[in-house]
Amino acid sequence: MAGLEGLDLRELLAFEPKGGVIRFAGQRALLMDPVTLGLLRKELIGMLGMTAARGIFTRLGYAHGWRTAEAMRTAVAWPDEAEWRRAGGRLHTLMGQVRVERIERKDTDGPEPFAEAQWSDSYEAEQHLLHLGQAEEPVCWSLTGFASGYLSYCNNKPIYCAELKCVGKGDAFCHIVGRPEAEWSTECTEFLRFYETQCMEGVLGQVTEALRQTERKLRAKRQSLARAGVTEDPSGMVARAESMQRVLNLARRSAKVDTTILVTGESGVGKERIARLIHDESGRSHKAFIAVNCAAVTESLLESELFGHAKGSFTGATNDRPGLFEAAHGGTLFLDEVGEVPPAMQAKLLRALQEREVRRVGENTSRKVDVRVVAATNRELSEEVRLGRFRQDLFYRLRVIELRIPPLRERKEDILPLARLLLAEAGERLGRRVNGLSPDAADQLLRYPWPGNVRELGNAIERAVVLCEGPRVERDDLPEEVRAAPPSLVPTRNPRRLEDMEKEYILAVLAQNGGNRSRTAEQLDIGVATLYRKLKQYGHPEAAH
Ligand SMILES: [Zn+2]
């Protein structure tokens with residue numbers, strides 16, 4: 001092999017006998033999917049902006065071109081150095097990045113360009129169009145960088161290439177021109193800054209500033225949580241109550257064992273959060289966590305949702321589609337409200353769990369899946385089994401480990417820490433500075449039985465954050481039903497005066513009755529006159545009319 005015409009990819013490539021290393025012209029080379037570079041480009045543009053991303057790709061290409069020129073100098077026996085200097089485009093083509101056709105012209109008006117070429121099939125224009133759509137400016141940044149790096153090394157002086165046309169901005173092909181730095185007219189030097197290392201420093205500066213901002217935000221969040229008296233649990237869960245601590249402990253221990261888990265508890269207790277905790281602390285945490293609410297999908301769609309379907313297997317199945325089991329391969333599938341799965345589907349679900357394979361609707365073959373299932377229900381599944389509504393074998397299969405999350409009313413110690421955590425989160429989300437709960441509001445939160453559990457508490461707190469006018473949540477900012485909760489008769493650490501208890505209780509019952517005094521008096525088994533006297537004594541406006 002000799003000279004430019006004889007360049008052959010097969011002769012430039014070498015494979016180490018043991019594998020794992022490929023060499024191009026003696027230097028280690030990588031085979032890479034261009035989509036990864038396309039995705040990286042999209043991320044860098046989103047994170048740092050177009051200018052900084054362009055600088056990075058230009059410099060990347062430049063370094064690649066420079067190193068290729070260096071390696072090629074000795075990798076091939078060149079008849080003369082001019083051929084080596086002209087080989088950049090040919091190498092670019094051999095590497096599969098772009099097809100380069102040199103333009104040799106003698107009839108230009110102005111000074112003849114140092115190098116000129118027409119490019120087709122640029123991988124970079126293709127990726128830019130794919131991930132970001134048509135651009136206003138040329139987009140073959142790393143390719144022009146490569147050409148510049150190659151030419152600069154070979155000619156021992158800076159030669160810079162620019163695209164005058166580019167497929168990425170809608171032209172039929174890319175047209176590039178390279179000139180020594182000094183020969184670029186002043187109005188064309190805009191693109192030169194992308195070659196400057198200062199550009200990288202600018203990027204680093206931006207990244208550093210972005211990091212500082214994130215750190216400031218994190219610090220502020222930590223401070224607001226600390227002000228609210230919330231200590232952080234790594235999982236973001238609050239568990240002062242022993243019953244809840246036991247659940248978290250068991251969840252953490254069973255996370256490590258690759259087994260099916262059934263999470264039970266009333267609705268709103270946070271079953272999905274527990275499922276996520278199990279996923280995050282398992283060996284599957286780097287793979288997908290996919291949640292599906294079995295009650296939210298109609299029976300006919302549930303099968304194709306879970307197992308996928310073949311094209312044409314039913315009306316509307318216009319494509320082959322994998323189901324959620326396949327999508328969760330390697331990870332965790334969370335089946336919420338599994339108690340709502342209809343009997344026919346229960347059998348198919350059991351089969352998928354036992355055989356560890358799924359069959360798409362309309363297909364005859366099965367596919368292996370490696371999925372851990374965490375299921376949840378607010379039904380008493382053993383009762384459903386007894387009534388014949390839920391398959392016993394599926395029940396046992398799901399309930400290898402059962403985590404029963406206690407309702408909020410059974411973990412009263414958690415109510416205030418949870419409320420403070422939710423308050424800090426809602427304040428952050430809504431951009432409102434609310435520092436805490438007034439003693440009255442806190443008292444009231446403890447009195448209310450929270451039938452909707454953590455979800456209801458979250459909604460109540462969010463509403464309070466929106467309504468509250470002062471620096472903290474007052475009793476009046478709480479929802480009607482929470483305000484109306486009568487005082488509990490269980491003595492707390494600070495026993496209350498009987499007279500206060502009576503006053504609060506009477507006012508709460510009155511509120512529950514919408515201010516109807518006769519019904520209130522009847523329920524309390526006291527005379528209307530007595531009620532009236534007491535209200536007057538409390539200075540209550542109901543006493544005035
Ligand atoms: Zn281009």
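The values are calculated or read from the model by the stated rules, or taken from the named source; none is laboratory data. Not measured: the values here are computed from a predicted model. When we count neighbours, we look across all protein chains shown, and the Cβ atoms used for this are built from the backbone with ideal geometry, even at glycine.
Worth a mention:
- Selection within segment 1-22 - touching a strand residue (DSSP E or B) at 6+ places or on another chain (Cβ under 8 Å) and over 13 Å from residue 95 (Cβ atoms): 14, 15, 16, 21
- Exclusive hit being without any contact (Cβ under 8 Å) to a residue 40 or more places away in the chain, buried (at least 16 other Cβ atoms within 10 Å of the Cβ), touching a Gly at 6+ places or on another chain (Cβ under 9 Å) and small (Gly, Ala, Ser), set 458, 436: 458
- Looking at 431, 452, just one residue is out of contact with any Ser or Thr (no Cβ under 7 Å at 6 or more places or on another chain), more than 17 Å from residue 483 (Cα to Cα) and of a type in the set (Gly, Ala, Ser), and that residue is 431.
- Restricting attention to segment 352-394, the residues being part of a helix (DSSP H, G or I) and surrounded by 15 or more Cβ atoms within 10 Å (Cβ to Cβ) number 6.
- Going through (1) outside the structural domain of residue 541 (by TED's automatic domain parsing); (2) at negative phi; (3) part of a loop (DSSP other than H, G, I, E, B) one by one, residue 422 falls short only on (3).
- Residue within segment 88-97 that is modelled with pLDDT under 90 and on the phi < 0 side of the Ramachandran plot present: no
- Answer from 32, 47 - the residue that is under 30 Å from the mean Cα position of the chain (by Cα) and assigned to a loop (DSSP other than H, G, I, E, B): 32
- Yes/no for residue 96 being small (Gly, Ala, Ser), out of contact with any strand residue (DSSP E or B) (no Cβ under 7 Å at 6 or more places or on another chain) and away from the ligand (no atom under 12 Å from the Cβ): yes
- Residue count for segment 148-173 under the criterion of being part of a helix (DSSP H, G or I), of a type outside the set (Phe, Trp, Tyr) and more than 10 Å from the ligand (Cβ to nearest atom): the result is 6.
- Against the list (1) more than 25 Å from the chain's Cα centre (by Cα); (2) part of a helix (DSSP H, G or I), the condition residue 273 fails is (1).
- Residue check for residue 74: among the polar types (S, T, N, Q) and surrounded by 19 or more Cβ atoms within 10 Å (Cβ to Cβ): no
- Only a single criterion out of (1) of a type in the set (Gly, Ala, Ser); (2) within 16 Å of the ligand (Cβ to nearest atom); (3) modelled with pLDDT of 90 or more is not satisfied by residue 115, namely (3).
- The residue of segment 130-147 that is nearest to the ligand (Cβ to nearest atom), among those that are closer than 11 Å to residue 89 by Cα and not aliphatic (A, V, I, L, M), is 144.
- Within segment 103-112, restricting attention to residues that are within 17 Å of residue 85 (Cβ to Cβ) and away from the ligand (no atom under 16 Å from the Cβ), the residue that is modelled with the highest pLDDT is 104.
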